[in-house]
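**Student:** Below: one structure in structure tokens.
The values are calculated or read from the model by the stated rules, or taken from the named source; none is laboratory data. Just so it is clear, the model here is predicted, and its values are computed rather than measured. All Cβ positions, glycine included, derive from the backbone under ideal geometry; neighbour counts span all protein chains shown. Heads up: the accessible areas ignore ligands, DNA and RNA and are worked out on the full protein's heavy atoms, side chains in. Shrake-Rupley method; radii C 1.70, N 1.55, O 1.52, S 1.80 Å.
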Amino acid sequence: MTTTPTEQAESQALLQLRDPANRADPYPVYAKCRERGPIQLPEANLAVFSTYRDCDEVLRHPSSASDRSKSTIAQRMVASGRWPRPAGPPGFLFLDPPDHTRLRKLVSKAFAPKVVNALHPDISALVDDLLDQVAERGRFDVIADLAYPLPVAVICRLLGVPLEDEPKFSWASALLAQALDPFASIAGGSSDAFEVRIQAARWLRGYLHDLVERRRSHPGDDLLSGLIAVEESGDQLTEEEIVATCNLLLIAGHETTVNLIANAILGMLRHPEQWAALGAHAARVSAVIEETLRYDPPVQVVGRNAAEDMVIGDTTVVKGDTMMLLLAAAQRDPAEFDRPDTFDPDRSTLRHLAFGRGAHYCLGAPLARLEASVALTALTARFPDARLDSEPRYKTNVTLRGLSALSVAV
């Protein structure tokens, strides 16, 4: 396989996003990618889009597919024997109609507004308990002491997971979230790390299968019992589909909510007037959350495949090619946003692509917004004088870019 000098330059521009030196502030690199326009690497069967209009069009396009196994890249890997055997069926996030339509319709019953809103008292109690511990110490780490334990505790309560098993769930979630990063596959990785992720996936699926069996015998008021019971016109979820859905909820839902909460806290601490304004007026929290989703999104890159030949803007994408959407670049597109590099919850129009578009719009968006809303309003009201106590540290993940540590004095 040969590449042209232009393709080599464009590949290098993308790989700059993997450079740890750019992790704290990747946005200049995203800006360069956006200024280049659509990047096409025919030899790699890859097209990269980075403007708001192009990314929005791809997400809405009827020929945009999510089943990665049908891409030309995947088919080539299957033919060469390099396609890893999956531990089980994919979650519906990686399926296309009609399978996606059927599963989403069934699962959505367990995420109905009344179900999510009913969690508010539990989430408030969890946040209050975590902040009580913060108050005793006078300082805290945003990730370890709030943003990470809150979502995993909520998910475990949703699934009916015993409290003593939560640490193992956190371990599995952190490892498996790395597998969602397409940049990891571009540059490869250590076989040891891959084997550890496989072990985590096997443990999690085995645990969830056992949990399903317990819930069949002793159903409760948790989400897992709801998924077992839910049906539509005589249809229902198989055990494998339930396990895949719970697996997806833990891996994708947990990491993204951690990033949302932490990024919002960092954004406000770097703009103290925003911290004070939210502490004084809790009704501002929705604007803070939506601006965080635009300005510093929890998911920075998403992928789609062309089910048919497609034309996006002036770019033709061949059937089977993979499309990489740089959402972090798109949401700072000056063609769409005034002062795009400014964190401003008071901007006149708050919009973003952080939860997707169309058929694959994030089913867990209301829950993520609720968790972030409760955490941010309580934190800013309780600690009006909070301030950064160190420089933030970031995880290695490019796609689910997020903080690994952030010390704050209260």
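**Student:** Among the lysines, which have Cα under 30 Å from the Cα of Lys32 when same-chain residues fewer than 8 positions away are ignored?
**Tutor:** Filter leaves Lys319, Lys395.
**Student:** With a probe of 1.4 Å, find how much accessible area the chain has per residue, and write the answer as a whole number in Å².
**Tutor:** I get 45 Å² per residue for the chain.
**Student:** Kindly rank 132-138, 381-387, 167-173, 366-372 from highest to lowest mean number of other beta carbons found within 10 Å of each residue.
**Tutor:** Per-residue mean Cβ counts within 10 Å order the peptides as 366-372, 167-173, 381-387, 132-138.
**Student:** Still on this structure, please answer the following. Rank-order 274-283, 391-400 by packing density, defined as the average count of other C-beta atoms within 10 Å over each peptide's residues, highest first.
**Tutor:** Sorting 274-283, 391-400 by mean packing, highest first, produces 391-400, 274-283.
**Student:** Return the loop-located trypsin sites (Lys or Arg not before Pro) in the range 210-302 (DSSP other than H, G, I, E, B) with at most 15 other Cβ atoms within 10 Å of their own Cβ; answer none if there are none.
**Tutor:** Arg270
**Student:** Given 0.36 nm per residue, what is the gain on full extension from Ala135 to Glu308 after removing their alpha carbon distance, in nm? The partial results should precede the final answer.
**Tutor:** Details: separation 173, 0.36 × 173 = 62.28 nm, distance 5.61 nm.
Answer, rounded to one decimal: 56.7 nm.
**Student:** Once the other residues with Cβ under 12 Å from the Cβ of Glu136 are scored (Lys, Arg +1; Asp, Glu -1), what is the net sum?
**Tutor:** Net of charged neighbours comes to -1.
**Student:** Further, regarding this structure: Need the full-extension length gain, Ala280 to Gln12, defined as separation in residues times 0.36 nm minus the C-alpha distance. One decimal, nm.
**Tutor:** 91.9 nm
**Student:** Quantify, in whole percent, the carbon and sulfur part of the accessible surface of the range 206-335 (1.4 Å probe; protein heavy atoms only).
**Tutor:** After summing per-atom areas, the C and S share lands at 52 percent.
**Student:** For Lys114, give me every one of the lysines with a C-alpha distance below 25 angstrom, ignoring sequence neighbours fewer than eight places off in its own chain.
**Tutor:** Counting by Cα, and skipping residues close in sequence, Lys114 has these lysines nearby: Lys105.
**Student:** Take peptides 401-410, 202-211 and line them up by average Cβ neighbours within 10 Å, highest first, as a rough protection proxy.
**Tutor:** 401-410, 202-211
**Student:** How much length would be gained if the chain were fully extended between Met77 and Asp19, taking 0.36 nm per residue of separation minus their Cα-Cα distance, in nm to one decimal?
**Tutor:** Residue separation times 0.36 nm, minus the Cα-Cα distance, leaves 18.3 nm.
**Student:** So what's the net charge close to Ser50: Lys and Arg +1, Asp and Glu -1, counting the other residues with Cβ under 9 Å from its Cβ?
**Tutor:** Neighbour charge sum, excluding Ser50 itself: -1.
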